[in-house]
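The values are calculated or read from the model by the stated rules, or taken from the named source; none is laboratory data. Model, not experiment: these values are computed from the prediction. For neighbour counting, all protein chains shown are included, and Cβ atoms are generated from backbone atoms with ideal geometry for every residue, glycine included. Protein only, heavy atoms only, side chains kept; ligands, DNA and RNA dropped before computing areas. Shrake-Rupley method; radii C 1.70, N 1.55, O 1.52, S 1.80 Å.
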Amino acid sequence: MALKIGITGGIGSGKTIVCRLFKILGVPVFEADAVAKNIINNDPDTRKKLIRLFGSGIYTPEHVIDKKKLASIIFNDKYALQKVNKLVHPKVRNEFALWVEQQKARYVLLEAAILFESGFDKLMDQNILVVADKEVRIQRVMARDHISKEQVLERMSKQWPDEKKIKLSDAIIKNNDELLIPQVLRINENIKKYGKVW
Ligand code: ATP
């Protein structure tokens, strides 16, 4: 069975770019956020339960989740996010388990924005964190998403700070002005040679 390596990073840290580099090396990447979104939009059981919890208005007439409505529900009900996670996370976990069994590679990556916050890190053999300074991340996300500094800070405030995640990580990839490719190659070699990211 392939080794399972979790990879995460705060908003704008560059984890998507880092995962793209691993993919170029042939490493299979399971995109947990995209899978969760797909489950919320398309899994009949999840749809039924979300409607039971929050009403049919939770989906738009086009049958996709109404993100604004969900955000306002979560803002007003402190247990709402927990309820959604309780529904969706076990299904993501199952999909990952099935997916990983089919992979022939030495190791796979599970990319998740909330790897540690969700406890998915505990299902992995090791975990990688991508970091960049807060100011750098703010500037990158403002440029990428055309949003204000306040909006970036608001999104950041919902994630754990890097200091907390660093303690739980087995390897750190720095993405301020450090070169990414050598860092990715080193981790790739370590896993292939020693079965560990360091
Ligand atoms: P999110 O969690 O918000 O999806 P992310 O961690 O996946 O963020 P990316 O989308 O990979 O981050 O990177 C954020 C933005 O910063 C992108 O527009 C990306 O092109 C840019 N970026 C990332 N790394 C660098 C870098 N080393 N130099 C310049 N731009 C970068």
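Distance between the pseudo-spin-label points of Ser157 and Lys69 (7 Å out from Cα toward the beta carbon): 2.6 nm. Ranking Lys15, Lys86 from most to least accessible surface, computed with a 1.4 Å probe over the protein chains only, gives Lys86, Lys15. With the convex hull of the Cα atoms taken as the outline of region 12-67, the averaged projected area works out to 5.2 nm².
In Å², and per residue, what accessible area does region 1-131 have when probed at 1.4 Å with the other protein chains present?
Here the residues of region 1-131 average 53 Å² of exposed surface.
Along region 145-162 the Karplus relation, 6.51 cos²θ - 1.76 cosθ + 1.60 evaluated at θ = phi - 60°, assigns HN-Hα couplings of 9, 6, 10, 7, 4, 4, 5, 5, 4, 4, 5, 4, 5, 8, 9, 5, x, 4 Hz to successive residues, with x for each Gly and Pro. If R0 equals 41 Å, the separation of the Cβ atoms of Asp145 and Lys193 corresponds to a calculated FRET efficiency of about 0.60. Taken along the Cα-to-beta-carbon direction at a fixed 7 Å, the label points for Arg20 and Glu62 span 2.4 nm. For the chain, the calculated P(r), taken from all Cα-Cα distances in 10 Å bins from zero up to the bin holding the longest distance, is 8, 32, 34, 21, 4, 0 percent. Relative to the longest principal axis of the Cα atoms of the chain, the long axis of helix 32-42 makes an angle of roughly 30 degrees. Counting Cα-Cα pairs of region 94-153 in 5 Å increments starting at 0 gives whole-percent bin shares of 4, 14, 19, 17, 14, 11, 12, 8, 1. For region 77-179, how big is the tail of P(r) above 20 Å, as a whole percent of Cα pairs? For region 77-179, the share of Cα pairs beyond 20 Å comes to 53 percent.
Residues Leu123, Leu87, ordered by accessible area of protein heavy atoms at a 1.4 angstrom probe radius and largest first, appear as Leu123, Leu87. Return, ordered by residue number, the residues of region 9-28 whose backbone nitrogen is under 18 Å from a label point located 7 Å along Cα→Cβ of Glu135. Within reach of a label on Glu135: 12-13. Protein-only accessible surface at a 1.4 angstrom probe places the residues Arg140, Arg186, Arg52, Arg93 in the order Arg52, Arg186, Arg93, Arg140, largest first.
Normalised by the number of residues in region 60-198, the average gap of Cα pairs under 8 Å and 6 or more apart makes the relative contact order 22 percent. From the alpha carbon centroid of region 157-189 to that of region 3-44 is 15 Å.
Less than 5 angstrom separates the built amide H of Ile173 from those of Leu129, Val130, Val131, all sequence-distant by 5 or more or on a different chain.
At an R0 of 30 angstrom, the distance between the Cβ atoms of Ile51 and Lys174 translates into a FRET efficiency of 0.10. In summary, the lysines within cross-link reach of Lys164, defined as a Cα separation below 25 angstrom excluding same-chain residues under 8 places away, comprise Lys4, Lys15, Lys78, Lys83, Lys86, Lys122, Lys134, Lys149, Lys174, Lys196.
Split the accessible area of the chain by element, probe 1.4 Å, and carbon with sulfur accounts for 56%.
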